1. Quick check, is Ser212 among the hydroxyl-bearing types (Ser, Thr, Tyr) and crowded, with 20+ Cβ neighbours inside 10 Å?
2. Does Gly128 satisfy being free of Cβ contacts under 8 Å to residues at least 12 places away in the same chain, of a type outside the set (Val, Ile, Thr) and either farther than 26 Å from Leu49 by Cβ or in contact with a His (Cβ under 9 Å, 6 or more places away or on another chain) (or both)?
3. Taking strands (runs of 3 or more DSSP E) that do not extend beyond region 1-79, which have at least 1 residues that are within 23 Å of the chain's Cα centre (by Cα), surrounded by 13 or more Cβ atoms within 10 Å (Cβ to Cβ) and modelled with pLDDT under 95?
4. State which residue is farthest from Leu114 (Cα to Cα) when the search covers only region 171-189 and only residues that are assigned to a loop (DSSP other than H, G, I, E, B) and open to solvent by 50 Å² or more (accessible area, probe 1.4 Å).
5. For Leu207, all conditions in the list (1) touching a helix residue (DSSP H, G or I) at 6+ places or on another chain (Cβ under 7 Å); (2) surrounded by 18 or more Cβ atoms within 10 Å (Cβ to Cβ) hold save one; what is the number of the exception?
6. For region 99-136, give me each residue that is closer than 14 Å to Met1 by Cβ, of a type in the set (S, T, N, Q) and in a helix (DSSP H, G or I).
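The values are calculated or read from the model by the stated rules, or taken from the named source; none is laboratory data. Computed from a prediction, not measured in an experiment: that's the story for all the values here. Reconstructed Cβ throughout: ideal geometry from the backbone, glycine too, with neighbour counts over all protein chains shown. When the accessible area is computed, the model is the full protein with side chains, heavy atoms only, and any ligands, DNA or RNA have been set aside. Shrake-Rupley method; radii C 1.70, N 1.55, O 1.52, S 1.80 Å.
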Amino acid sequence: MVELKNISEKLESIQEEYMKNKRVMLSDVWTDESASLLHEAVENKTSFLNAFAIDGKYIQSSDRELGNMTTEEKRELQRTIYKDASNGIGFFYGRHNINKNTEFSLYKALFNYLNSDVCLNFIRQITGNENVISASVQVTRYISGNFLTRHNDVLPSEGRAIAYVFGFTPNWHPDWGGLLHFFNVEGGMVDTFFPKNNTLSLFDVNLPHSVSYVTPFAKYPRYSITGWFNVI
């Protein structure tokens with residue numbers, strides 16, 4: 001039901017780019033039909049939980065739960081989240097988990113495809129990591145006020161090796177924020193990937209990165225299908 005385009009003729013240059021910087025962004029990766037189906041699903045057929053942390057505790061709340069809060073409760077929640085963010089710790093974005101038990105047929109097909117030998121071999125070829133054996137999958141949504149502070153994605157218990165982002169955001173303006181920034185170990189910014197539609201970003205989980213704050217004047221949400229290719 002969903003599949004990536006055959007880009008074998010570009011594989012060597014893609015491999016070289018990834019090996020040079022441990023990151024690469026590819027354009028026009030899904031077949032036209034797959035891209036259309038997935039874009040429609042993430043934009044119109046997905047319910048999100050708002051993920052954030054308070055005092056080190058991971059929390060997920062629905063749009064309805066946040067909407068039912070009083071004005072003062074919302075302000076206090078925002079103050080708390082932004083206080084941690086000001087110290088370089090924190091996140092606030094929408095997420096929808098996808099796994100092998102997902103009922104929505106398109107997302108089940110997506111999960112199975114990303115965990116198929118065809119897709120995993122594709123990732124192994126690009127990254128040179130022959131130990132990749134599985135993929136975790138989620139849909140993410142960044143709206144006004146959302147962000148992800150600088151961090152890396154290393155999590156030994158899950159065996160994360162390669163982070164990925166399939167972008168489904170057409171007509172994004174850089175002034176709206178939501179940019180995927182990469183940093184060196186000293187904290188200096190070294191690269192930025194811009195939100196686009198039908199793209200794939202791959203990067204080593206050790207690379208420090210962030211998603212910049214989405215401004216109040218952003219016209220649309222920033223949608224992606226993200227996760228990790230894992231070695232366990």
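1. On the way: among the hydroxyl-bearing types (Ser, Thr, Tyr): yes; crowded, with 20+ Cβ neighbours inside 10 Å: no.
Judged against the criteria, Ser212 is not a match.
2. Numbers: free of Cβ contacts under 8 Å to residues at least 12 places away in the same chain: no; of a type outside the set (Val, Ile, Thr): yes; either farther than 26 Å from Leu49 by Cβ or in contact with a His (Cβ under 9 Å, 6 or more places away or on another chain) (or both): yes.
It is false that Gly128 is free of Cβ contacts under 8 Å to residues at least 12 places away in the same chain, of a type outside the set (Val, Ile, Thr) and either farther than 26 Å from Leu49 by Cβ or in contact with a His (Cβ under 9 Å, 6 or more places away or on another chain) (or both).
3. On the way: elements: 23-27, 49-54, 57-62.
The strands (runs of 3 or more DSSP E) meeting that bar are 49-54.
4. Taking region 171-189 as the starting set, the residues that turn out to be assigned to a loop (DSSP other than H, G, I, E, B) are 171-173, 177-179, 184-188.
Narrowing further to those that are open to solvent by 50 Å² or more (accessible area, probe 1.4 Å): 171, 173, 184-186.
Working: Asn171: 26, His173: 29, Asn184: 29, Val185: 30, Glu186: 34 Å.
Filtering region 171-189 for residues that are assigned to a loop (DSSP other than H, G, I, E, B) and open to solvent by 50 Å² or more (accessible area, probe 1.4 Å), the one farthest from Leu114 (Cα to Cα) comes out as Glu186.
5. Unmet for Leu207, out of (1) touching a helix residue (DSSP H, G or I) at 6+ places or on another chain (Cβ under 7 Å); (2) surrounded by 18 or more Cβ atoms within 10 Å (Cβ to Cβ): (1).
6. Ser105, Asn112
Every residue, every condition in (1) within 27 Å of Asn152 (Cα to Cα); (2) acidic (Asp, Glu); (3) out of contact with any helix residue (DSSP H, G or I) (no Cβ under 9 Å at 6 or more places or on another chain), yes or no:
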residue	(1), (2), (3)
Val29	yes, no, no
Leu37	no, no, no
Leu66	no, no, no
Lys74	no, no, no
Asp84	yes, yes, yes
Phe92	yes, no, no
His96	yes, no, no
